Amino acid sequence: MPADFALIPDGSVTTPRGFTAAAAHAGLKSDGAPDVALLVSATSCATAGVFTRNVLRAAPVAYDVDLLAERPGRIRAVAMNARVANACTGAPGLAAARAMAQAAEQAAGLPARTALVLSTGVIGVPLPLEQIEGGLRAAAGSLAADGGLHAARAIMTTDTRPKHCAVRFETPAGMITVGGIAKGAGMIHPDMATLLAVLTTDAAGEPATLQPLLRRVADRSFNAISVDGDTSTNDSVLLLANGASGVDPSRDGAVWKTFEDAVQEVARALALAIVTDGEGASKVLEIQVAGAVSEAAAREVGRAIARSTLVKTAIYGGDPNWGRVLAAAGNAGVTLAVERLSLQAAAADDQWLTLASGGATANPDASTARDIFRQKTIRLRIDLGLGRAEAVVWTCDLTPDYVRINADYTS
């Protein structure tokens with residue numbers, strides 16, 4: 001955590017001023033847990049969004065993209081549901097997404113076309129609109145400034161724990177707070193995943209400046225994690241700025257940089273929480289790629305390693321099979337000079353052990369290497385020897401529990 005930021009205990013999407021949220025059980029989850037959530041801002045928000053690149057976009061994604069193109073500075077709410085993705089549902093699905101937004105607006109007493117919608121769950125199932133409308137009415141009746149934690153729980157599917165974070169920092173003009181919630185555990189891969197995230201801030205902003213900021217932040221957080229190499233139909237990351245603090249960070253270059261860093265800090269914390277909670281995961285792997293000709297090239301190499309089934313199973317088994325890592329790097333579609341490649345490994349913050357140098361074995365101590373790969377957190381650092389650009393990607397191991405969870409997901 002950078003020294004400029006104060007981490008807010010139990011911070012969430014409602015920690016920034018002017019935001020309230022609530023959750024309700026609408027009957028979508030069989031265990032009686034909350035499955036519908038509603039986030040509301042007291043004033044209109046400048047809003048940015050980053051969405052899946054899967055060509056089979058879910059109805060909520062299509063609805064949100066259109067609404068943000070029309071009214072990016074007038075958003076007041078986000079309605080969310082779990083268990084049903086409303087994806088691959090055709091024209092009725094898009095009508096249901098529109099009706100869900102209207103239900104949220106009516107329940108919260110908001111103007112028309114000011115609510116976005118997020119859905120997650122099983123693909124190909126019609127949205128149970130009547131149940132969701134009832135859940136949104138119940139949530140609207142209990143909106144509260146501490147409701148962000150409840151909203152984080154409501155959007156969980158195979159997640160084992162809610163994901164939320166908030167930070168605060170001082171500026172010459174006053175305090176700015178950034179918060180967020182997210183869900184995700186499977187179908188996680190860059191661009192993005194079965195991943196929903198809502199980031200909020202009480203800073204003032206404009207959609208034209210927030211959109212490129214969110215894209216940069218997403219590339220270094222939500223687009224830098226992989227659980228299983230699958231990109232979902234519903235991936236959505238939203239950033240809402242309601243200006244309740246009275247501070248516009250864009251008026252000062254240094255403050256704007258700190259603001260982006262704060263959004264990045266929240267997004268990174270949520271992204272790491274997702275990969276740590278990957279379906280069946282028992283270990284986290286951090287992949288540092290250095291010496292690249294560009295950040296994009298470094299990220300592609302990291303992604304190739306992160307999505308390698310052979311690398312992920314080696315991590316699960318505690319096997320320091322460095323050859324699999326280099327082989328995956330060579331599959332990234334990025335030009336490499338084999339004789340310049342080096343690979344190191346370390347556990348958490350321990351010292352680096354060189355596994356390979358010049359594209360060949362460095363004859364590391366086998367016992368030390370195995371000890372590193374048996375840890376819960378493992379770091380790999382691959383140097384391409386071609387430039388100065390770097391990137392970091394995170395993934396988790398692939399375990400038998402992942403297969404068990406996904407073998408009977410719809411049942």
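All of the numbers you see were taken from the coordinates with simple rules; none came from a lab. A quick note: this is a predicted structure, and the numbers were derived from the prediction, not measured. Cβ: placed from backbone, ideal geometry, glycine included. Neighbour counts: every protein chain shown.
Structure summary
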{"quantity": "17 Å tail of the calculated P(r), the range 34-118, as % of Cα pairs", "calculated": "44"}
{"quantity": "Sequence of 283, 29, 183 once ranked by neighbouring C-beta atoms within 10 Å, starting from the fewest", "calculated": "29, 283, 183"}
{"quantity": "q = 0.22, 0.24 Å⁻¹, the range 229-333: log10 I(q)/I(0) [Debye, one scatterer per Cα]", "calculated": "-1.28, -1.37"}
{"quantity": "Under the Karplus curve 6.51 cos²θ - 1.76 cosθ + 1.60, θ = phi - 60°, whole-Hz ³J(HN,Hα) for the range 254-271, x wherever Gly or Pro sits", "calculated": "5, 5, 4, 5, 5, 4, 4, 4, 5, 4, 4, 4, 5, 4, 5, 4, 5, 5"}
{"quantity": "Exposure proxy order (Cβ contacts within 10 Å, fewest to most) of 399, 43", "calculated": "43, 399"}
{"quantity": "Rounded to 10°, Cα long-axis angle of helix 90-108 versus longest principal axis of the chain", "calculated": "60"}
{"quantity": "In order through the range 13-23: 3J(HN,Hα) via Karplus (6.51 cos²θ - 1.76 cosθ + 1.60), integer Hz, x for Gly, Pro", "calculated": "5, 9, 5, x, 4, x, 10, 10, 7, 7, 9"}
{"quantity": "Cut-off 12 Å between beta-carbons: net charge of the residues surrounding residue 98, Lys and Arg +1, Asp and Glu -1", "calculated": "-2"}
{"quantity": "Fraction of beta bridges assigned by DSSP in the chain that are antiparallel (%, nearest 5)", "calculated": "75"}
{"quantity": "Ranked 322, 352, criterion: other C-beta atoms within 10 Å, fewest first", "calculated": "352, 322"}
{"quantity": "Proportion of all alpha-carbon pairs of the range 284-407 beyond 21 Å (%)", "calculated": "33"}
{"quantity": "Read-out mean projected area of the Cα convex hull in nm², derived from the coordinates shown; its label in (i) 21.3; (ii) 19.0; (iii) 22.4", "calculated": "(ii)"}
{"quantity": "Isotropically averaged projected area of the range 87-216, using the convex hull of Cα atoms (one quarter of hull area), nm²", "calculated": "9.9"}
{"quantity": "The range 53-156: GluC sites (Glu not before Pro) in DSSP coil with no more than 12 other Cβ atoms inside 10 Å", "calculated": "none"}
{"quantity": "Table column - 3J(HN,Hα) (Hz), the range 72-79, Karplus curve with 6.51, -1.76, 1.60, x for Gly and Pro", "calculated": "x, x, 10, 6, 10, 8, 9, 9"}
{"quantity": "In the chain, lysine pairs closer than 17 Å at Cα, eight or more apart or cross-chain", "calculated": "5"}
